[in-house]
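The values are calculated or read from the model by the stated rules, or taken from the named source; none is laboratory data. Just so it is clear, the model here is predicted, and its values are computed rather than measured. Positions of Cβ are backbone-derived with ideal geometry, glycine not excepted, and every protein chain shown enters the neighbour counts.
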């Protein structure tokens, strides 16, 4: 059996507040939304979900590690355009535009401090 990741899950304090944030980022409504769980589905088969840390069935060791979601866009002009758009929308930018070994990138933060990276595809 081939194992292909198809679910990404972020643990959040308030799924409804995070839902609004990600509706703006993804430019779409979720496929499912409950008070403690929200799921966005994409044509490539990926489901991105938000699960409340306040849910009665949530279990964690409390380490509070942050996650990173990345969008690889086609060129550096798109990296700059998203940076400028999100900054204008008041989205917190943790790492401003910078040239990394793999190309131009920046990192924004969601309401729970999860990192959202925008970059170009990896190339040698």
Handout entry: Hits in segment 78-91 - residues which are under 13 Å from residue 120 (Cβ atoms) and either touching a strand residue (DSSP E or B) at 6+ places or on another chain (Cβ under 9 Å) or assigned to a loop (DSSP other than H, G, I, E, B) (or both)
Key = 78, 79, 80, 82, 83
Handout entry: Yes/no for residue 57 being at pLDDT below 95, farther than 16 Å from residue 68 by Cα and surrounded by 13 or more Cβ atoms within 10 Å (Cβ to Cβ)
Key = no
Exercise for the section: Please work out if residue 71 is within 14 Å of the chain's Cα centre (by Cα), at pLDDT 90 or above and crowded, with 16+ Cβ neighbours inside 10 Å. Expected result: no
